[in-house]
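Reviewing the structure listed below.
The values are calculated or read from the model by the stated rules, or taken from the named source; none is laboratory data. Being a predicted model, the structure only gives us computed values, none of them experimental. Here Cβ is always computed from backbone atoms with ideal geometry, including for glycine, and neighbour counts include all displayed protein chains. SASA here: full protein model, heavy atoms, side chains in, ligands and nucleic acids out. Shrake-Rupley method; radii C 1.70, N 1.55, O 1.52, S 1.80 Å.
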Amino acid sequence: MPGFSGFALYTPRYRVDLSHWCEWRGQPREKVHAVIGDGFRVCGPDEDVYSMAATAALRLIEAYDLDPARIGYLALGTESSADNAAGAVIVRGLLDEALTATGRGPLARDCEVPEFKQACLGGLYAAKGALRYLGADGCGRQAIAIAADIAEYEPESSGEPTQGAGAVAMLLEAEPRLLDVDLGAAGTASAYRLADFRKPVSRFCDRRPGAAGRVPDYPVFNGGFSTDCYVDAVRHAVTALADKRHQTLWDAVTDWDAVLLHRPYHRMPRNAWGMLYLFALAAEGRPALAHAAEAAGVDAGALQAELSAVVDLAERAREGRANAPTWPLAQSVLRRLRDDPAFVEHVTDRMAPGDERMRELGNLYTAALPAWLAAALTAAAEAGTDIAGERWLAAGYGSGDAAEAWPLRVVPGWREAAGRIGLDAALAGAVDLDREQYAILHAGGAPAGLAGDGGRRFAVAAVGERDTADFTDRGVVYHRYVTAQ
């Protein structure tokens, strides 16, 4: 069955150390590191989502020595689009320029170039489209799906430490070299949740574009409600997977060698999968649930009822109760379970692969889960671990909301392709920003004296200003291929 054969990552050079950010904002350092991570990246003054996506895709083509003429599908998943008409075709244009300049030749003229948008699920939807392409009319071809995003929040907001920027390009083939995907057994779920996390166009009306033509893209979000939507969506997607595989929810939660979820910050996927663990215990009435309730000082019957209840989060939002806790008893129990051996086995240990590298990446929105897959494979190759045949679960989520739960299997011979990912090289050469530099970049400016990026990449060259009877390009962003600085 088709699946993943390669990954390549691009993330901006400019980094905010969360220890420094805690000093700037007067926040508790230990708590931020435990909950959020170690740092995040910020776009340079000449970068946008298309330049990052194209750089990651070019790295993928070069690392895996791909023939551009065989690539029949190039998809972009993002919620950071700067153009409401064109999307992946912009990335295609940048790649054609660089590939032609280096002697490889352009992508095939019959290459499809769709863009996918569903908050942080767009990258996984792009990969799903690629898998369907390979299984239908893409016989003998290769597909690239790119997940690229810029996560940015208002200064001093609760979301500010969960920022990030980057792109992950994924190579998909009919005979994968890393992970095969049993798409027929994958689970999916969707439901409209009003305003857990949104980006209405009206936000842009009073904002000026920055140096690269980007408008600050701060979301409208409700943190507690959005977290509950995440948990509920993943629960339904995993339940759908269990139904397809003729499993109980307990089997669907515990039947994996590794579990990787959408990761806006370090603790979120762990809390979500911990909740799935409790839902699975409740679904079968396992004694472990009552024991956990007793340890947390919670009534076992009330906990069972809370976890078994049908929840309508959209209705709660309409009633003005969006941020009222949905599963308060379960959250209390979850806090007490972190050292329980069974919990550690099925939750903590299953989510350990690649974790340390992910703490450094920050929030990549739709690129977060693909980056974690790349990090987990890199960590296994580095450790010399033989993971061939292991069963992994990848669960993606996009606010609004929608979720996917994919069963993956590590294929024999995976190590060679994993060795080409180059994740550490992509993270190398970071430049830690001081408070003033960060503030200027965050506002779309270009700080004086900031060290440039010496690597090959794509960058914004100019923003169109012409608006005449003969020709108009007002607001159109032009890019260039940077070979050295």
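Within the stretch 338-352, is there a residue that is at pLDDT 95 or above and either of a type in the set (Gly, Ala, Ser) or assigned to a loop (DSSP other than H, G, I, E, B) (or both)?
Yes, the stretch 338-352 has at least one match.
Can you tell which of Ala342, Ala352, Ala368, Ala375 is surrounded by fewer than 24 Cβ atoms within 10 Å (Cβ to Cβ) and either touching an Asp or Glu at 6+ places or on another chain (Cβ under 9 Å) or closer than 16 Å to Phe279 by Cα (or both)?
Criteria check complete, one pass: Ala342.
Say we look at the stretch 120-158 and pick out the residues that are of a type in the set (Asp, Glu) and within 30 Å of Asp196 (Cβ to Cβ); which of these is surrounded by the most Cβ atoms within 10 Å (Cβ to Cβ)?
Asp149
Which residues, taken from the stretch 69-92, are in contact (Cβ under 8 Å) with a residue 12 or more places away in the chain, surrounded by fewer than 19 Cβ atoms within 10 Å (Cβ to Cβ) and not charged (D, E, K, R)?
Within the stretch 69-92, Ala69, Val89 qualify.
Would you please name the residue that is least open to solvent (accessible area, probe 1.4 Å), looking only at residues in the stretch 193-222 that are of a type in the set (Asp, Glu) and modelled with pLDDT of 75 or more?
Looking at residues that are of a type in the set (Asp, Glu) and modelled with pLDDT of 75 or more, I get Asp196.
Checking Arg286 against (1) within 17 Å of Asp251 (Cα to Cα); (2) out of contact with any Phe, Trp or Tyr (no Cβ under 8 Å at 6 or more places or on another chain), which test does it fail?
All conditions pass for Arg286, except number (2).
Which of (1) farther than 29 Å from Ser158 by Cβ; (2) open to solvent by 40 Å² or more (accessible area, probe 1.4 Å) is the odd one out, the single condition Ile61 does not satisfy?
The single condition Ile61 does not satisfy is (2).
Please go through (1) over 23 Å from Asp349 (Cβ atoms); (2) part of a strand (DSSP E or B) for Val215 and return the number of the only condition it doesn't satisfy.
It fails just one condition, (2).
Looking only at the stretch 293-307, which residues are surrounded by 12 or more Cβ atoms within 10 Å (Cβ to Cβ) and not in a helix (DSSP H, G or I)?
Those that are surrounded by 12 or more Cβ atoms within 10 Å (Cβ to Cβ) and not in a helix (DSSP H, G or I): Ala296, Val298, Asp299.
Which condition does Phe225 not pass, out of (1) of a type outside the set (S, T, N, Q); (2) modelled with pLDDT under 95; (3) over 25 Å from the mean Cα position of the chain (by Cα); (4) crowded, with 18+ Cβ neighbours inside 10 Å, if it passes all the others?
Checking Phe225 against (1) of a type outside the set (S, T, N, Q); (2) modelled with pLDDT under 95; (3) over 25 Å from the mean Cα position of the chain (by Cα); (4) crowded, with 18+ Cβ neighbours inside 10 Å, the one that fails is (3).
Right, Pro161: of a type outside the set (Val, Ile, Thr), touching a residue at least 40 places away in the same chain (Cβ under 8 Å), assigned to a loop (DSSP other than H, G, I, E, B) and more than 15 Å from Gly77 (Cβ to Cβ) or not?
no
Of the numbered conditions (1) aliphatic (A, V, I, L, M); (2) touching a residue at least 40 places away in the same chain (Cβ under 8 Å); (3) in contact with a helix residue (DSSP H, G or I) (Cβ under 8 Å, 6 or more places away or on another chain), Ala376 satisfies every one except a single condition; which is it?
Result: Ala376 passes all but (3).
Going by the conditions given, is Arg435 more than 23 Å from Ala119 (Cα to Cα) and touching a Pro at 6+ places or on another chain (Cβ under 9 Å)?
It is false that Arg435 is more than 23 Å from Ala119 (Cα to Cα) and touching a Pro at 6+ places or on another chain (Cβ under 9 Å).
Could you check, for the stretch 100-119, whether at least one of its residues is buried (at least 24 other Cβ atoms within 10 Å of the Cβ), among the small types (Gly, Ala, Ser), touching a strand residue (DSSP E or B) at 6+ places or on another chain (Cβ under 8 Å) and closer than 14 Å to Ile144 by Cβ?
no
Going through the stretch 308-323 one residue at a time, which ones are on the phi < 0 side of the Ramachandran plot and either more than 28 Å from the chain's Cα centre (by Cα) or open to solvent by 40 Å² or more (accessible area, probe 1.4 Å) (or both)?
Answer for the stretch 308-323, where residues must be on the phi < 0 side of the Ramachandran plot and either more than 28 Å from the chain's Cα centre (by Cα) or open to solvent by 40 Å² or more (accessible area, probe 1.4 Å) (or both): Ser308, Ala309, Val310, Asp312, Glu315, Arg318, Glu319, Arg321, Asn323.
Looking at the stretch 315-335 only, could you name the residues that are assigned to a helix (DSSP H, G or I) and over 19 Å from Met268 (Cβ atoms)?
Hits for the stretch 315-335 are Glu315, Arg316, Ala317, Arg318, Leu329.
Give the number of residues within the stretch 1-37 that are closer than 15 Å to Pro155 by Cβ and in a loop (DSSP other than H, G, I, E, B).
So the answer is 2.
Please list, ordered by residue number, the helices (runs of 4 or more DSSP H) wholly in the stretch 45-149 having 2 or more residues that are under 23 Å from the mean Cα position of the chain (by Cα) and hydroxyl-bearing (Ser, Thr, Tyr).
Where helices (runs of 4 or more DSSP H) fall fully within the stretch 45-149 and carry at least 2 residues being under 23 Å from the mean Cα position of the chain (by Cα) and hydroxyl-bearing (Ser, Thr, Tyr), they are 49-63, 122-135.
Which of the residues spanning the stretch 423-439 are surrounded by fewer than 17 Cβ atoms within 10 Å (Cβ to Cβ) and closer than 17 Å to Pro12 by Cβ?
The answer is Asp424, Ala425, Ala428, Gly429, Ala430, Val431, Asp432, Asp434, Ala439.
Go through Asp467, Asp473 for me and flag whichever is open to solvent by less than 10 Å² (accessible area, probe 1.4 Å) and either without any contact (Cβ under 8 Å) to a residue 24 or more places away in the chain or hydroxyl-bearing (Ser, Thr, Tyr) (or both).
None of the others qualify; the one that does is Asp473.
Quick check: anything in the stretch 253-267 among the charged types (D, E, K, R), under 21 Å from the mean Cα position of the chain (by Cα), over 22 Å from Trp406 (Cβ atoms) and buried (at least 21 other Cβ atoms within 10 Å of the Cβ)?
No, the stretch 253-267 contains no residue that is among the charged types (D, E, K, R), under 21 Å from the mean Cα position of the chain (by Cα), over 22 Å from Trp406 (Cβ atoms) and buried (at least 21 other Cβ atoms within 10 Å of the Cβ).
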